[in-house]
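The values are calculated or read from the model by the stated rules, or taken from the named source; none is laboratory data. The structure presented is a predicted model; accordingly, all values stated were derived computationally and were not measured. A quick note on method: Cβ atoms are made from the backbone with ideal geometry, for glycine too, and the neighbour counts reach across all protein chains shown. Side chains are part of the model used for accessible areas, which takes the heavy atoms of the whole protein and leaves out ligands, DNA and RNA. Shrake-Rupley method; radii C 1.70, N 1.55, O 1.52, S 1.80 Å.
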Amino acid sequence: MTEETRVRPTTRAKREQILKSAVEIFGNKGSTNGTLADVAEQVGITHAGVLHHFGSKQKLLLEVLSYRDQADVAELAKKHIPGGPELFLHLVRTAFANEKRPGIVQAYTVLSSESVTDDHPGREYFEERYTTLRREVNAAFHELCAQEGVADPQSIAAASAAILAVMDGLQLQWLLHPDAIELGAASEYAIRAIVNGVLHPGPALETYARE
């Protein structure tokens, strides 16, 4: 066994410890006020030690987001978000869970917005995340429509994008006005409305405009 092989488990364990600390620090203090020094102090290592494992605060934040994604499905079968109609319930449960971790939601919101800028290190992460989620929600809609006998549901692509957009948009509103927005309840309402809009489409908006 080489020295590199012997070190790997220790390195993985230390990274896990740093990530768990970062989740707590950023969850309690937010992504701006929570510092690498806070994380280092809680783990019992130096600021340079955190940088050795993650390179920068921004990279650590991205790792926290990925770690959060893994934690969301840790107790689920196959460690993956559920498919079919159950996916919509999972999204609602995630929104309610996010009410308890504002720091992580803040980090996600800031980094996802920044990721559209040139050469942002998080761009690939968020591009892949949205592509994957749209595909998963699309598949869930198709299965649900098949169960409900809805033929040729042409609104699925738009509805899938809309669900992700409304969840992220509500998170932004909630961060700005936490006393005015109930993140879980508002997300549940929006998701239910979009799902019902696919299953039971009503009149076009032009109909109301003419009335």
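Here are the numbers for the structure shown:
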read-out: Residue within the stretch 50-58 that is open to solvent by less than 40 Å² (accessible area, probe 1.4 Å) and not in a helix (DSSP H, G or I) present; value: yes
read-out: Some residue of the stretch 119-127 being among the acidic types (Asp, Glu), within 16 Å of the chain's Cα centre (by Cα) and within 21 Å of Leu19 (Cβ to Cβ); value: yes
read-out: Candidate set: the stretch 28-42, residues that are open to solvent by less than 20 Å² (accessible area, probe 1.4 Å) and assigned to a helix (DSSP H, G or I); chosen: the one farthest from Glu99 (Cα to Cα); value: Ala40
read-out: Failed item, numbered, when Lys59 is tested on (1) under 20 Å from Lys20 (Cβ atoms); (2) in contact with an Asp or Glu (Cβ under 7 Å, 6 or more places away or on another chain); value: (2)
read-out: The one condition in (1) in a helix (DSSP H, G or I); (2) at pLDDT below 95; (3) of a type in the set (Ser, Thr, Tyr) that Tyr189 fails to fulfil; value: (2)
read-out: Members of the stretch 129-164 that are part of a helix (DSSP H, G or I), free of Cβ contacts under 8 Å to residues at least 12 places away in the same chain and under 17 Å from Asn196 (Cβ atoms); value: Ala146, Ala158
read-out: Residue that is least open to solvent (accessible area, probe 1.4 Å) [pool: residues in the stretch 165-185 that are of a type in the set (D, E, K, R) and in a loop (DSSP other than H, G, I, E, B)]; value: Glu182
read-out: Matching residues, the stretch 35-70, being over 12 Å from Ile104 (Cα atoms) and acidic (Asp, Glu); value: Asp38, Glu41
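Conditions tested, residue by residue: (1) modelled with pLDDT of 95 or more; (2) aromatic (Phe, Trp, Tyr).
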residue	(1), (2)
Gln58	no, no
Glu75	no, no
Leu111	no, no
Gly122	no, no
Phe126	no, yes
Ala151	no, no
Ala159	yes, no
